[in-house]
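Derivation of every value follows stated rules applied to the coordinates shown; laboratory data play no part. Computed from a predicted structure; not experimentally measured. Cβ sites come from the backbone with ideal geometry, for glycine too, and all protein chains shown count toward neighbours.
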Amino acid sequence: MKAFLERCIGGSKNDASSKLKGKHKRYAQLKRQVTVLYDLLSNLHGSDKLVLRAGKLEALQLMRSEKLEERVLALQKLVFEDPTYESPPALVDIPRILEQIEEEIADGIARRTVEDQLERKVSERLQQRHEDYIKEIKAQVLKDNAGPENAQTLKKLAVLEKLEHKKLSSSAMDFLRPASFGEIVGQDRAVKALLAKLSSPYPQHIILYGPPGVGKTTAARLALEAAKQAGKTPFAKDAPFIEVNGTTLRWDPREVTNPLLGSVHDPIYQGAKRDLAETGIPEPKLGLVTDAHGGVLFIDEVGEMDPVLQNKLLKVLEDKRVFFESSYYDAHENNIPQYIKKIFEEGAPADFILIGATTRDPLDINPAIRSRCAEIYFEPLTPKDIQEILVQAAVKLDVEMDGQVPEIISEYTIEGRKAINILSDAFGLSCYRSEREGTIPVITAEDVLEVARVSRLSPHVTRKASSQREVGKIFGLGVLGFLGSVLEIEAVAFPARNQGQGAIRFNDTAGSMAKDSVFNAASVIRKLTGEDLTNYDVHVNIVGGGRIDGPSAGVAIFLAILSAIQGRSIPQDVAVTGEVSIQGKVRAVGGVFEKIYGARQAGIKTVLVPTENEKDIPADLRGIQVIPVSSVEEIMSYVFQSADIDVLVS
């Protein structure tokens, strides 16, 4: 029994010892398992990233702990990325927890493996596409090398590029062009009006009237620059100034080409781009109205534009857009680029301010365009203005000139541009002479006269007025374009060979309205003096054969005939204009401002104009007297001496 108990007791001790050894062995196995899991995590994420992740999840100290439970807790936080695990797990739960951790790590490894495989496939695909792209580029290079270029074409290209590097100095007109409003001479009123209409919060379309060479284009360009600086205008700092000449704006009624509004290049007939033509897509080409969007479209000689094109421009001014049409356009076609679809469906923007310039009479301009535009008249330049322009030009050229040079040039032209050209030619002569003589260039009067002789120039205005008095001769006034001129009207009268059978002769080239003025004058003369022109042979002549388009020479013809019949002299420094009615009234005529200017150019001291035109008389006239009159009796009191008038009306 004792032996049995001892065996039992011994057996019990052996069993306990065996169990204890089993626990130690199991504990050691769990520690190794945990270590392996840490190694897997390190391999999966990298050592550095694993440490960073442990720091963020507050598991760094737990990882380094000697206690298995704390290390398992760290594994939970790292694997599940859950910082809410706070208590270490019980020893009995560790196998289950490790199994969960192993499954999560296995999922991560599987995901990483799949991602690596996908990334490798993507890299392979990218590499393949890159190689294909390189092949395409090489093929394109080979194709380009085998293109239309050859040794001859490349040589010509080299010649052109060489020519591009050779440049002369700018022309005299470009160099001497006014760079500020202060350099635009004689147009203070016009420039002020232009600035007022363009620098407004609501700028207007504008038409500029005036003779050539007075600064219309330059003033428009400078006005836009000034408007950009103003605070209340809609013009941006980069607002464009698009300039075109109306005489060049030709277009095809089939809309094949239209540089002003734009056109559509159809894929078959007009030659759209190859990539568009191959798919049958029309290509819209935008015009100048879109280039000028947000700025100014300046059309010089706007009156020369095609009437149909003017009407099309009116439509653009109304819509502020330009629309395109093409039978090849299909809105449902998927291959149409978005910009082409937008242009066809919405139109191209064309919101600009139109500034047109013209040397034509306002009546020659499309009334619809005139109704949409403010109108500004540039004044003809006086000899004094021409002389001031020449002085400015000499300063820019840095050359001296004789004092009489500006006056001489002003006799040959009233255009600022032409005056600059004459001065430039004279400057060239002075430079040529100074090179040969070794002196400093000085423009002399002889240089100007030499230019006039070589260019066959003649004085623009021959001074016709004088302080003398003549019978049967008087100065009328006419207008050509925007330039006034004097008309020498003369008359002679002889008693008719047979009473009541006299004849009246008049220039056929003067026009039918001028002939009507002769018959009106005959009626007025008979009414005032009782003289019947049928008792005289009267010959009325317009010296030089000038044509009179309107009735404005009526008063002048009346005075010339009356002077010839009665033998009364007329002062030759007086000019008259006005229509005469058969009642002896002086009616209004057009172009009074220009006529006064022309009279002053000819040396006239006094101008008689209809009272109805009093509003057209400039307020700042110098060197000439303008007298409004309403009847021929008033004119007679100024033209004839008092003793003569008593004889005429007695």
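Cα centroids of the stretch 24-84 and the stretch 384-452: how far apart, whole angstrom?
Measuring centre to centre over Cα atoms gives 100 Å.
Calculate one ³J(HN,Hα) per residue across the stretch 590-596 by plugging θ = phi - 60° into the Karplus curve 6.51 cos²θ - 1.76 cosθ + 1.60, and present them in order as whole Hz with x for glycine and proline.
Couplings: x, x, 4, 4, 5, 5, 4 Hz.
Given 25 °C and 0.890 mPa s, how large is the Stokes-Einstein diffusion coefficient of the stretch 526-621 in µm²/s, with Rh as the Kirkwood radius over Cα pairs?
Values: Rh = 14.8 Å.
Approximately 166 µm²/s, per Stokes-Einstein.
If the cut-off is 25 Å between C-alpha atoms, which lysines fall inside it for LYS135, apart from same-chain ones fewer than 8 positions away?
Straight-distance partners of LYS135: LYS121, LYS143.
On the Cα set of the stretch 579-626, report Rg and Dmax in Å, please.
Radius of gyration, then largest Cα-Cα span, for the stretch 579-626: 11.3, 34 Å.
Cut-off 19 Å, label point 7 angstrom out along Cα-to-Cβ of LYS135: give me the residues of the stretch 85-123 whose amide nitrogen falls inside.
122-123
So if R0 is 45 Å, what FRET efficiency would GLU318 and GLU164 give, r being the distance between their Cβ atoms, rounded to the nearest 0.05?
0.55
Per DSSP helix of 4 or more residues, -39500 (n - 2.57); summed, then divided by the residues of the chain. What does that give at 222 nm, rounded to the nearest 500?
That calculation yields -15500 deg cm²/dmol at 222 nm.
Identify all aspartates and glutamates with a Cα-Cα distance to LYS56 below 15 Å; exclude those on the same chain that are fewer than 8 residues away in sequence.
ASP48, GLU81, ASP82, GLU86
For Cα Rg over 2.2 N^0.38 Å, which listed value, (i) 1.98; (ii) 1.91; (iii) 1.07, comes from the coordinates shown?
(ii)
Given LYS192/LYS615; LYS237/LYS312; LYS228/LYS615, which pairs have Cα atoms separated by over 24 Å?
Long pairs (Cα-Cα over 24 Å): LYS237/LYS312; LYS228/LYS615.
Within 10 Å of each residue's Cβ, count the other Cβ atoms and sort VAL589, VAL289, VAL395 from fewest upward.
Working: VAL589 23, VAL289 27, VAL395 10.
Placing the least packed residue first, the sequence is VAL395, VAL589, VAL289.
At LEU363 and LYS21, where each label point lies 7 Å from the Cα along Cα→Cβ, what is the point-to-point distance in nanometres?
Rounded to a tenth, the inter-label distance reads 13.6 nm.
Do the alpha carbons of any pairs in LYS23/LYS49; LYS418/LYS464; LYS384/LYS595; LYS167/LYS285 sit beyond 26 Å of each other, and which pairs? Kindly include the intermediate steps, with their values, before the conclusion.
Details: LYS23/LYS49 35 Å; LYS418/LYS464 23 Å; LYS384/LYS595 18 Å; LYS167/LYS285 32 Å.
From LYS23/LYS49; LYS418/LYS464; LYS384/LYS595; LYS167/LYS285, over 26 Å: LYS23/LYS49; LYS167/LYS285.
For the stretch 469-648, what is the convex hull volume of its Cα atoms per residue in Å³?
Expressed per residue, the convex hull around the Cα atoms of the stretch 469-648 is 101 Å³.
Modelled label-to-label distance, GLN625 and ARG372, 7 Å Cα→beta-carbon offset: nm?
Simple spin-label model gives 4.9 nm for this pair.
What length, rounded to one decimal in nm, is gained on full extension from THR217 through to VAL114, with 0.36 nm per residue of separation minus their alpha-carbon distance? Walk me through the intermediate numbers first.
Values: separation 103, 0.36 × 103 = 37.08 nm, distance 7.36 nm.
Working it through step by step, the gained length comes to 29.7 nm.
Could you line up VAL592, VAL442, VAL79 from fewest to most neighbouring Cβ atoms inside 10 Å? Don't skip to the answer; put the middle values down first.
Details: VAL592 26, VAL442 15, VAL79 21.
Ranked by crowding around the Cβ, least crowded first: VAL442, VAL79, VAL592.
Give me Rg/Rg_expected for the stretch 383-454, where Rg uses Cα atoms only and Rg_expected = 2.2 N^0.38 Å with N residues.
Compared with the compact-globule rule of thumb, the stretch 383-454 sits at 1.00.
Order of SER200, SER327 from fewest to most other C-beta atoms within 10 Å?
Ascending number of Cβ neighbours within 10 Å: SER327, SER200.
What aspartates and glutamates sit close enough to LYS585 to cross-link, taking a C-alpha to C-alpha distance under 16 Å and skipping anything fewer than 8 places away on the same chain?
Of all the aspartates and glutamates, those that pass the test against LYS585 - Cα under 16 Å, at least 8 places apart if same chain - are ASP516, GLU612, GLU614, GLU633, GLU634.
I need the shape label for the stretch 107-266. Rule: rounded when a/c is under 1.5, else prolate if a/b > b/c, else oblate, with a, b, c from the alpha carbon gyration tensor. Don't skip to the answer; put the middle values down first.
Working: a/c = 2.96, a/b = 1.90, b/c = 1.56.
In terms of gyration-tensor shape, prolate.
Using the Kirkwood radius over Cα pairs, work out the Stokes-Einstein diffusion coefficient for the stretch 329-458 at 4 °C and 1.567 mPa s, in µm²/s as a whole number.
67
Two-decimal Rg/Rh of the stretch 175-377 from alpha-carbon positions, Kirkwood Rh?
1.03
Kindly provide the Kirkwood hydrodynamic radius of the stretch 26-114 in Å, to one decimal, from all pairs of distinct alpha carbon atoms.
13.0
Give me the Debye-computed log₁₀ of I(q)/I(0) at q = 0.12, 0.14, 0.24 Å⁻¹ for the stretch 282-360, equal point scatterers on Cα only, no solvent, two decimals.
Debye output, listed in q order: -0.41, -0.54, -1.13.
As an exercise, use a Förster radius of 25 Å and the Cβ-Cβ distance of TYR38 and SER123 to find the FRET efficiency, rounded to the nearest 0.05. Could you put the intermediate results ahead of the total?
Numbers: r = 31 Å, r/R0 = 1.24.
Once rounded, the FRET efficiency stands at 0.20.
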